[in-house]
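Each remark here refers to the structure printed beneath this line.
The values are calculated or read from the model by the stated rules, or taken from the named source; none is laboratory data. Computed from a prediction, not measured in an experiment: that's the story for all the values here. Neighbour counts are summed over all protein chains in view; Cβ atoms, including those assigned to glycine, are modelled from backbone coordinates with ideal geometry. Protein only, heavy atoms only, side chains kept; ligands, DNA and RNA dropped before computing areas. Shrake-Rupley method; radii C 1.70, N 1.55, O 1.52, S 1.80 Å.
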Amino acid sequence: MDLQWLRIVVVGHVDHGKSTLIGRLLHDAGALPDSRLDELRADSPADGLEWAFLLDHLREEREQERTIDSTQAFFATPRRVYRIIDAPGHREFLKNMVTGAAQADAAILVVDVEAGVLEQTRRHVALLAMLDRRHIIVAINKMDRVEGRRDAFEAVARDTLSLLAQTALTAHAVIPISARHGWNLAACAAPLEWHDGPTLFEALDSLPQPEPLSNRPLRLPVQDVYMLNGRNVIVGRIESGQLAQGQEVVSLPSGQSVRIASIERFLESRTAAEAGESIGLTLDGPVAVHRGDVLCDPDSPPPIARRFEANLLWLADDGWRQSDALLLRCATQAAECRIESVRRRTNSSTLEVIETDAKRLEATEVGHVVLSLERPIAVEELASGSSLGRFVLLKNREVCAGGTVTGHFRF
Ligand code: GDP
């Protein structure tokens with residue numbers, strides 16, 4: 001049987017215990033090498049381990065290597081392997097989440113039982129709603145600070161659930177924990193014995209396994225077309241689906257049908273490839289495929305649109321103004337575009353609608369917008385799970401917003 005994976009992201013307000021929780025999860029799952037524990041003991045105060053340091057170490061190393069712009073950590077349960085892809089605190093967190101650089105299947109929302117729901121709790125919930133992340137486990141943390149009191153847990157659990165409900169999200173489980181002491185992570189602890197729900201590990205293991213991307217229709221955004229030894233070699237990463245030698249595919253937006261003549265990976269000949277692989281391929285006959293085209297399954301192609309509806313998180317410090325010329329990037333596609341209208345402008349830290357039919361958007365605000373492109377491209381609604389459901393906008397070559405497609409217009 002194939003190893004099963006689940007990617008999780010840990011979100012919540014600063015200081016509510018995300019790093020501590022990640023450190024402790026890795027430890028309780030037995031994923032930490034002794035050398036890491038020794039390092040942690042050496043750095044921690046005499047009265048107990050400071051688990052949050054573990055994540056700081058990982059993050060520093062990652063930043064020195066500069067290989068990838070997000071923290072990654074792994075742990076396993078008997079059911080599957082978990083990859084923690086990021087935690088806020090990282091300066092690029094919002095951008096990574098919204099642009100898809102850090103994609104998660106599920107989220108743990110950490111809320112401090114004494115502090116309750118705060119600004120970044122709301123902002124991260126807004127982000128999860130925008131990204132259509134439906135698998136959310138709420139961990140009400142620092143239960144040791146209230147001696148495990150049930151009424152304290154229930155008050156914050158209620159507030160958190162009503163916050164989720166505001167954005168039409170629900171929680172898979174709501175669990176009282178102490179990240180510092182490991183209460184209710186791998187096993188329940190005496191002060192929380194009144195809790196009759198799952199532990200955090202049990203809740204994680206009960207999340208459904210996402211359908212493998214290779215079972216979905218083929219989407220291969222073309223990254224480049226090289227001329228090698230007199231042959232045109234198309235390179236790209238298969239975002240979903242599978243590909244086999246001899247297969248007929250359609251190139252979008254042109255709609256031209258093409259047949260796969262050969263597949264190569266690392267200079268090795270292949271007869272087939274699947275989602276997640278970066279490959280090179282040649283086609284039968286003359287090639288009219290370019291960077292930015294998307295090779296697709298002819299039986300279930302994505303829609304081609306010049307206008308579509310989207311949710312945007314504005315990231316740039318200077319806000320959006322109607323005269324702004326923008327460039328949209330969606331997978332390897334690029335098109336000049338403008339925001340035709342902002343139907344709703346929402347404050348992401350309070351979730352209040354600031355304005356309807358707005359003429360501006362400021363940093364960290366969410367806009368429900370209609371985008372109009374200078375040429376048609378392949379886009380899909382995010383809810384379909386396609387990577388053509390996310391995009392970024394650039395102003396003066398800098399990423400200024402990240403967005404998700406919520407609907408498209410067939411003209
Ligand atoms: P982050 O900013 O959300 O990553 O929060 P940290 O993990 O850095 O934790 C912030 C502070 O809260 C640190 O001093 C932690 O030691 C402390 N903390 C985290 N979890 C717990 C807990 O379960 N109980 C107690 N008493 N303190 C905690």
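Brief remarks on what is shown
- The order of Arg360, Arg397 by accessible area, most exposed first and with a 1.4 Å probe, is Arg397, Arg360.
- Efficiency of FRET between Glu374 and Glu147 - r from beta-carbon atoms, R0 51 angstrom, step 0.05: 0.25
- Crossing angle, helix 34-43 versus the chain [Cα axis fit, 0-90 degrees, rounded to tens]: 60
- Diffusion coefficient of the stretch 213-296 by Stokes-Einstein, Kirkwood radius over Cα pairs, 4 °C, 1.567 mPa s: 105 µm²/s.
- Cross-link reach list, lysines versus Lys142, counting only Cα pairs under 21 Å and skipping chain neighbours closer than eight places: Lys18
- The listed residues Phe53, Phe266, Phe74, Phe93, once ranked by accessible area (1.4 Å probe) with the largest placed first, stand as Phe266, Phe74, Phe53, Phe93.
- Taking θ as phi - 60° and the Karplus parameters 6.51, -1.76 and 1.60, the scalar couplings of the stretch 239-254 work out to 6, 7, x, 9, 9, 9, 4, x, 5, 8, 10, 10, 9, 10, x, 5 Hz in sequence order, x denoting glycine and proline.
- Approximate spin-label separation Ala288-Asp47, in nm, with each point projected 7 Å along Cα-to-Cβ: 7.4
- Per-residue extension of 0.36 nm, minus the Cα-Cα distance of Ser214 and Ser254, leaves a gain of 12.0 nm for this segment.
- Ranked by how many other beta carbons lie within 10 Å on average, peptides 107-114, 292-299, 179-186 from highest: 107-114, 179-186, 292-299
- Qualifying trypsin sites (Lys or Arg not before Pro) in the stretch 252-339, DSSP loop, other Cβ atoms within 10 Å at most 15: Arg291
- Within the straight-line cut-off of under 18 Å between alpha carbons, the lysines reachable from Lys395 are Lys95, Lys359, sequence neighbours fewer than 8 places apart in one chain being disregarded.
- For the chain, the longest principal axis of the alpha carbon atoms and the long axis of helix 150-166 meet at an angle near 20°.
- Part-to-part distance (alpha-carbon centres) for the stretch 1-60 and the stretch 339-383, which is given in Å: 36
- Label-point gap, in nm, between Asp15 and Glu398 - each point 7 angstrom along Cα→Cβ: 2.9
- Rolling a 1.4 Å probe over the protein chains gives Cys337 an accessible area of about 10 Å².
- The DSSP beta bridges internal to the stretch 4-205 are antiparallel in roughly 20% of cases.
- Per residue, the average separation of C-alpha pairs within less than 8 Å and at least 6 apart gives the stretch 4-205 a relative contact order of 24 percent.
- Multiplying the residue separation of Thr167 and Ala155 by 0.36 nm and subtracting their alpha-carbon distance yields 2.4 nm.
- Between 0 and 90 degrees, the angle of helix 119-130 with respect to the longest Cα principal axis of the chain falls at about 40 degrees.
- For the chain, built as a Gaussian network whose Cα springs stay under 10 Å, the top-fluctuating residue of Gly367, Gly30, Gly230: Gly230
- For Asp317 and Leu3, a Förster radius of 60 Å and the Cβ-Cβ distance give a FRET efficiency of 0.90, rounded to the nearest 0.05.
- Take Lys142: with every protein chain present and a 1.4 Å probe, its accessible area is about 40 Å².
- Two-site label geometry, Ala115 and Thr364: point separation in nm, points 7 Å out along Cα→Cβ: 1.3
- Share of pairwise Cα separations in the chain, more than 29 Å, in percent: 51
- Comparing Glu380, Glu60, Glu264 in a Gaussian network model of the chain, where Cα atoms under 10 Å apart are tied by springs, the biggest mean-square fluctuation is seen for Glu60.
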